[in-house]
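The values are calculated or read from the model by the stated rules, or taken from the named source; none is laboratory data. Since the structure is predicted, the reported quantities are computational estimates derived from the model, not experimental observations. Cβ atoms come from the backbone with ideal geometry, glycine included; neighbour counts cover every protein chain shown. In case anyone asks, the SASA skips ligands and DNA or RNA and just uses the protein heavy atoms, side chains included. Shrake-Rupley method; radii C 1.70, N 1.55, O 1.52, S 1.80 Å.
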Amino acid sequence: MAQFVNGKDTLVTDAIDGLLAASNGALYRLDGYPHIKVVCRSDWDKSNVALISGGGSGHEPAHAGFVGEGMLTAAVCGEVFASPSVDAVLAGILAVTGEAGCLLIVKNYTGDRLNFGLAAERARAYGLKVSMVIVDDDIALPDLPQARGVAGTLFVHKIAGSLAHDGADLDTVTTAAQETVDDMASIGKSLDTCTVPGSVKEGRIAPGMAELGLGIHGEAGVEQVPFESATSAMDMVLDKLMPHVAGKDCVALVNNLGSTTPLEMAVLTHAMANSEKAVGIKTIIGPAPLMTSLDMHGFSVSVLPLNSDRRAALSRNVPLPNWPGMATLAPVSVKPLPDGLSPIQPIPSENAETRRLIETCCDLLIAAEGDLNALDAKSGDGDTGSTLSTAARALKGAMDRMPLADLTQLFRAVGNELSQTMGGSSGVILAIFFGAAGDACANGRPTQEALLIALDRISQVGGARQGDRTMIDALQPALEALPQGLKAAAIQARTGANGTAAMGKARAGRASYVPEGNLIGHNDPGAEAVARLFEGLATA
């Protein structure tokens with residue numbers, strides 16, 4: 001798998017320097033490359049307790065992305081998924097620790113515990129006050145003698161960071177950090193493992209499966225289960241978490257493990273907000289990538305019971321772009337549409353033949369979804385089939401509301417329906433088409449002429465004409481041949497659709513942005529959809 005890296009050996013140092021270059025001077029690093037990779041606050045004066053965390057890289061933005069006022073003082077970075085050395089940790093301690101001392105926040109992995117622990121002993125030998133907390137918030141494997149440290153570490157960063165910022169002493173900061181560790185719980189779920197640069201990706205999770213409780217280094221979780229939906233995935237995570245907070249009001253940190261899209265993370269958040277299992281979750285941090293696992297396609301949730309001190313610390317604003325802040329989890333706010341946007345509802349009427357015709361068209365588009373998506377992927381974003389099938393399903397569901405016995409009103413009603421249910425430019429174009437056809441029928445034009453008038457209207461608005469490699473290349477000849485019957489129209493539609501494969505450069509529509517070489521030999525998906533409609537109707 002190709003990745004945007006220059007090489008495995010310089011991956012981490014290149015990434016750190018990229019972070020520093022974009023920090024507006026807020027961060028600096030110690031001059032110890034390649035073995036010592038420590039990121040520090042530029043404004044630190046050693047007057048308060050310093051907070052140091054770190055570990056292997058690959059979890060960005062953790063930990064260097066949380067160095068700044070109100071959170072970490074320094075982050076010690078190892079290579080990808082490898083603990084930093086004792087010397088690197090000691091360098092970080094010596095660089096930022098003053099008389100107030102420092103707290104080391106360490107995830108519970110053997111390498112981190114050993115290297116941070118020995119560095120702490122050496123720093124104490126220099127006369128520095130150093131304390132350490134071990135984060136072990138992962139509840140996925142309850143039989144492990146030592147639980148792993150995962151995204152709940154961010155709770156500790158923020159709560160301890162707030163206290164340190166206000167001048168609390170080392171004992172107070174350490175106690176609050178340890179109490180936070182004791183009270184929190186985390187678990188993750190993923191559809192795939194991660195890709196470690198320079199290594200072959202492990203194909204442990206089969207398609208259609210999801211793994212519950214896998215570690216942030218790709219370690220195997222507690223079980224693999226069939227993936228059903230975002231809602232079921234979130235419910236399974238909440239089932240594991242909520243007993244650990246015993247019905248108390250708590251905050252949930254919703255973490256993107258790497259390559260889960262913002263759209264998916266929002267869906268997962270919706271699932272959590274509406275789950276009966278989330279009783280007690282009153283506030284949320286995220287959804288955001290906070291402690292990732294390279295490109296893992298998954299998410300994790302961490303929960304922590306709240307008291308007034310924790311609430312104040314977690315809600316406190318910090319000038320760090322990677323920290324999303326804490327928000328109240330509230331019901332969705334909905335307000336009425338502005339006047340004039342709610343369409344006038346037609347008076348329903350019945351016509352069995354018209355109903356059968358429309359439902360046949362809808363079924364044809366639904367059946368063609370996969371083929372049209374594959375065709376659109378050659379020239380666009382691969383969604384033509386999905387867009388048309390979504391609208392077709394909605395239109396079938398609206399049949400009982402349609403004025404099926406009044407063609408003029410029916411055209412207008414179909415146009416209104418498509419304008420609401422069909423995304424992209426296709427919905428707008430077809431809404432204009434059917435609206436114009438309804439207007440033409442209202443002016444006494446016969447159906448075939450009304451449809452051609454409507455076609456001319458969308459050409460005027462959209463700018464596409466026959467020969468521009470759009471659906472018009474199939475629709476116009478089909479409508480012109482319609483007086484000779486559906487079979488003649490289907491032949492013309494197919495000829496027009498197939499002709500788009502030889503047109504090369506498109507002159508309208510999304511395909512006009514695509515190089516000519518990508519289009520040759522492939523029918524325009526809109527024209528193909530029109531051809532399939534007429535062919536299906538001709539044989540129905």
Worksheet item: Does region 374-387 hold any residues that are without any contact (Cβ under 8 Å) to a residue 24 or more places away in the chain and either open to solvent by less than 30 Å² (accessible area, probe 1.4 Å) or of a type in the set (A, V, I, L, M, F, W, C) (or both), and which are they?
Response: 374, 377, 382
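Within region 192-209, track down each residue that is in contact (Cβ under 8 Å) with a residue 24 or more places away in the chain and either assigned to a strand (DSSP E or B) or farther than 20 Å from residue 255 by Cα (or both). Quick ask: steps written out before the conclusion?
If we filter region 192-209 for residues that are in contact (Cβ under 8 Å) with a residue 24 or more places away in the chain, which is where we start, we get 192-198, 201.
Result: 197, 198, 201.
Somewhere in region 434-449, is a residue within 33 Å of the chain's Cα centre (by Cα) and assigned to a helix (DSSP H, G or I)? Talk me through it step by step, then tell me what you get.
First, pick out the residues of region 434-449 that are within 33 Å of the chain's Cα centre (by Cα): none.
No, because not a single residue in region 434-449 is within 33 Å of the chain's Cα centre (by Cα) and assigned to a helix (DSSP H, G or I).
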Response to the item:
The correct count of residues that are more than 32 Å from the chain's Cα centre (by Cα) and in contact (Cβ under 8 Å) with a residue 24 or more places away in the chain in region 353-368 is 7
Worksheet item: Going through region 392-409 one residue at a time, which ones are open to solvent by 10 Å² or more (accessible area, probe 1.4 Å) and either touching a residue at least 24 places away in the same chain (Cβ under 8 Å) or among the hydroxyl-bearing types (Ser, Thr, Tyr) (or both)?
Response: 393, 394, 395, 396, 400, 401, 405, 406, 407, 408, 409
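Given the condition small (Gly, Ala, Ser), in a strand (DSSP E or B), open to solvent by 40 Å² or more (accessible area, probe 1.4 Å) and at pLDDT 95 or above, answer yes or no: does some residue in region 327-347 qualify?
So in region 327-347, the residues small (Gly, Ala, Ser) come out as 327, 330, 333, 340, 342.
Within this subset, residues satisfying the condition of being in a strand (DSSP E or B) are 327.
Still in the running and open to solvent by 40 Å² or more (accessible area, probe 1.4 Å): 327.
Still in the list and also at pLDDT 95 or above: 327.
Yes; the residues of region 327-347 include at least one that is small (Gly, Ala, Ser), in a strand (DSSP E or B), open to solvent by 40 Å² or more (accessible area, probe 1.4 Å) and at pLDDT 95 or above.
If I filter region 465-489 down to residues being assigned to a helix (DSSP H, G or I) and of a type in the set (S, T, N, Q), which single residue comes out as most open to solvent (accessible area, probe 1.4 Å)? Can you show your working first?
Applying the first criterion (assigned to a helix (DSSP H, G or I)) to region 465-489 yields 472-484, 486-489.
Pick out the ones that are also of a type in the set (S, T, N, Q) and you get 476, 484.
Numbers: 476: 47, 484: 133 Å².
Per the stated criteria, the residue is 484.
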Worksheet entry | region 271-325, residues that are farther than 19 Å from residue 192 by Cα, hydroxyl-bearing (Ser, Thr, Tyr) and outside any helix (DSSP H, G or I) | 275, 283, 302
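Going by the conditions given, is residue 229 surrounded by fewer than 18 Cβ atoms within 10 Å (Cβ to Cβ) and either modelled with pLDDT of 95 or more or more than 30 Å from residue 130 (Cα to Cα) (or both)?
On the way: surrounded by fewer than 18 Cβ atoms within 10 Å (Cβ to Cβ): yes; either modelled with pLDDT of 95 or more or more than 30 Å from residue 130 (Cα to Cα) (or both): yes.
In short, yes.
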Fill in: residue 139, sole failed condition from (1) hydrophobic (A, V, I, L, M, F, W, C); (2) within 27 Å of the chain's Cα centre (by Cα); (3) within 30 Å of residue 8 (Cα to Cα)
(3)
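Which residues, taken from region 410-432, are touching a residue at least 12 places away in the same chain (Cβ under 8 Å) and either farther than 21 Å from residue 354 by Cα or in a loop (DSSP other than H, G, I, E, B) (or both)?
Pass one, region 410-432, residues touching a residue at least 12 places away in the same chain (Cβ under 8 Å): 410-427, 429-432.
Within region 410-432, 420, 422, 423, 424, 425, 426, 427, 429 qualify.
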Response to the item:
Within region 255-301, residues surrounded by 19 or more Cβ atoms within 10 Å (Cβ to Cβ), more than 16 Å from the chain's Cα centre (by Cα) and among the hydroxyl-bearing types (Ser, Thr, Tyr) come out as 283
Discussion item. Return the residues of region 84-111 that are touching a helix residue (DSSP H, G or I) at 6+ places or on another chain (Cβ under 9 Å) and of a type in the set (Asp, Glu); say none if nothing qualifies.
Written reply: 87
Response to the item:
Note on region 1-19: residues farther than 10 Å from residue 197 by Cβ and not in a helix (DSSP H, G or I) are 2, 4, 6
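Every residue, every condition in (1) open to solvent by 40 Å² or more (accessible area, probe 1.4 Å); (2) without any contact (Cβ under 8 Å) to a residue 60 or more places away in the chain, yes or no:
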{"residue": "33", "(1), (2)": "yes, yes"}
{"residue": "38", "(1), (2)": "no, yes"}
{"residue": "42", "(1), (2)": "yes, yes"}
{"residue": "57", "(1), (2)": "no, yes"}
{"residue": "85", "(1), (2)": "yes, yes"}
{"residue": "91", "(1), (2)": "no, no"}
{"residue": "98", "(1), (2)": "no, yes"}
Worksheet entry | Every residue from region 415-447 that is in contact with a helix residue (DSSP H, G or I) (Cβ under 6 Å, 6 or more places away or on another chain), open to solvent by 10 Å² or more (accessible area, probe 1.4 Å), under 21 Å from residue 474 (Cα atoms) and at pLDDT 90 or above | 432, 433, 434, 435
Fill in: From 136, 235, 169, 239, residue being open to solvent by 50 Å² or more (accessible area, probe 1.4 Å), in contact with a helix residue (DSSP H, G or I) (Cβ under 8 Å, 6 or more places away or on another chain), in contact (Cβ under 8 Å) with a residue 40 or more places away in the chain and of a type outside the set (S, T, N, Q)
136
Discussion item. Looking at 244, 217 in this structure, which one is touching a residue at least 60 places away in the same chain (Cβ under 8 Å), open to solvent by 60 Å² or more (accessible area, probe 1.4 Å) and closer than 25 Å to residue 108 by Cβ?
Written reply: 244
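I'd like the full set of residues that are over 19 Å from the mean Cα position of the chain (by Cα) and open to solvent by 10 Å² or more (accessible area, probe 1.4 Å), limited to region 183-196.
Filtering region 183-196 down to residues over 19 Å from the mean Cα position of the chain (by Cα) leaves 183-186, 196.
If the condition is that a residue be over 19 Å from the mean Cα position of the chain (by Cα) and open to solvent by 10 Å² or more (accessible area, probe 1.4 Å), then 183, 184, 196 are the ones that fit.
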Practice prompt. Confirm whether residue 304 is touching a helix residue (DSSP H, G or I) at 6+ places or on another chain (Cβ under 7 Å), within 30 Å of residue 65 (Cβ to Cβ) and of a type outside the set (Ser, Thr, Tyr).
Written response: yes
Worksheet entry | Count of residues meeting criterion [within 17 Å of residue 57 (Cβ to Cβ) and either part of a loop (DSSP other than H, G, I, E, B) or among the hydroxyl-bearing types (Ser, Thr, Tyr) (or both)] in region 24-41 | 5
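Any idea which residue in region 148-182 is nearest to residue 310 (Cα to Cα), counting only those that are assigned to a loop (DSSP other than H, G, I, E, B) and under 28 Å from the mean Cα position of the chain (by Cα)?
Taking region 148-182 as the starting set, the residues that turn out to be assigned to a loop (DSSP other than H, G, I, E, B) are 148-152, 166-169.
Cutting the leftovers down to under 28 Å from the mean Cα position of the chain (by Cα) gives us 148-152.
Working: 148: 23, 149: 20, 150: 19, 151: 17, 152: 14 Å.
Only one residue fits best here, namely 152.
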